[in-house]
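Single-structure report; data block below.
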Amino acid sequence: MIRIAPSLLAADFGHLAQQIAEAEQGGADWIHIDVMDGRFVPNITFGPALVRSVRKYTKLPLDVHLMVEDADNFISPFCAAGADIITVHQESCLHLYRTIQAIKESGSKAGVALNPATPVDTLKNIIKEIDLVLIMTVEPGFGAQQFIRNSLQKIQEMREMINFSKKEIFLEIDGGVDRDTAADVINAGANVLVAGTSIFKADSIQAAISSLRTASTK
Ligand code: DX5
Ligand code: ZN
């Protein structure tokens with residue numbers, strides 16, 4: 001089953017509740033929330049207050065992607081705000097095992113994200129501890145960037161590692177996912193697609209979500 005996680009980064013913030021409702025009615029499975037601190041990535045976005053507010057407007061799982069340097073400081077506030085999944089970056093967590101345990105102890109599912117240049121092998125020794133792997137297919141920090149095509153092989157490698165672990169671990173792809181690239185990432189083994197621009201900038205949010213979901217069968 002493919003899950004679609006629209007990224008609020010590309011939504012119209014003046015009508016956020018309405019945009020979330022449209023995504024939910026249009027078949028979205030999760031809501032993806034990109035948290036940026038201006039240090040790990042050169043951009044600033046949302047804090048726990050936004051998550052708490054969004055929590056009131058949807059029943060969908062909130063998939064919080066932390067692009068921050070001090071991830072440990074933010075686990076508890078985002079969990080308390082209503083995050084169902086908290087994903088941290090491998091590159092920013094010196095003590096990744098401990099950070100993963102802290103997320104799970106706080107009651108959220110734990111994800112780990114890999115930048116385009118970070119090999120999948122960096123997760124080999126902790127794969128059984130995590131609930132989700134997020135492969136970045138653009139450099140994190142901004143929406144509407146071009147999909148990095150040589151990520152496809154990395155997705156396949158991650159799929160093999162996940163299958164080998166015999167655990168149910170989501171394989172989520174983030175960056176430049178649209179109706180053309182969706183088929184390739186699904187065929188490579190992804191089962192969660194994050195998409196900002198291709199959903200919220202489309203004429204129809206519902207049609208955009210459907211076309212992503214069925215991409216692999218076309
Ligand atoms: C980028 C974010 C993405 C972003 C994707 O740093 O992690 O979630 O919203 O945007 P699109 O789908 O426009 O590439
Ligand atoms: Zn993201």
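Each value in this text was obtained by applying a stated rule to the coordinates, not by laboratory testing. These numbers come from a predicted model, not from an experiment. All Cβ positions, even for glycine, are placed from backbone atoms using ideal geometry, and neighbour counts span all protein chains on display.
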When only C-alpha pairs under 8 Å and at least 6 residues apart count, what is the relative contact order of segment 1-121, in percent?
20 percent
Which whole-number value in Å³ per residue fits the convex hull of the alpha carbons of the chain?
109 Å³
So the pair-distance distribution of segment 85-150, from every Cα-Cα distance in 10 Å bins, comes to percents of 20, 52, 24, 4
Relative contact order, percent, of segment 129-218 when contacts are C-alpha pairs under 8 Å separated by at least 6 residues?
31 percent
Compute, for the chain, the length of the dipole vector about the Cα centre, with Cβ point charges of +1 (Lys, Arg) and -1 (Asp, Glu) only. Units Debye, rounded to 20.
420 debye
Net charge over other residues, Cβ less than 14 angstrom from the Cβ of residue 102 (K, R count +1; D, E count -1)
-2
One can check that the equivalent ellipsoid of segment 1-107, built from the alpha-carbon gyration tensor with semi-axes equal to the square roots of five times its eigenvalues, has lengths in Å, largest first, of 24, 15, 12
Restricting segment 148-200 to trypsin sites (Lys or Arg not before Pro) in coil, as DSSP defines it, with at most 13 other Cβ within 10 Å:
149, 166, 167
20 Å Cα-Cα threshold exceeded, pairs from 59/109; 59/167; 104/154; 59/128
59/167; 104/154; 59/128
Measuring from centroid to centroid over Cα atoms, what is the spacing of segment 107-123 and segment 191-218 in Å?
24 Å
Excluding residue 137 itself, what net charge comes from residues whose Cβ is under 13 Å from its Cβ, given Lys and Arg +1 and Asp and Glu -1?
-4
Taking only the alpha-carbon atoms of segment 45-98, what semi-axes of the equivalent ellipsoid follow from 5 times the gyration tensor eigenvalues under a square root, in whole Å, largest first?
21, 10, 9
When Lys and Arg each count +1 and Asp and Glu each count -1, what net charge do the other residues less than 9 Å away from residue 62, Cβ to Cβ, add up to?
-1
In whole angstrom, the spacing between the Cα centers of segment 166-183 and segment 27-104 equals 18 Å
Run the numbers on segment 72-117 and let me know its relative contact order in percent, using alpha-carbon pairs under 8 Å that are six or more apart.
47 percent
Would you mind computing, in nm to one decimal, how far apart the modelled labels at residue 142 and residue 187 are, each placed 7 Å from Cα along Cα→Cβ?
3.0 nm
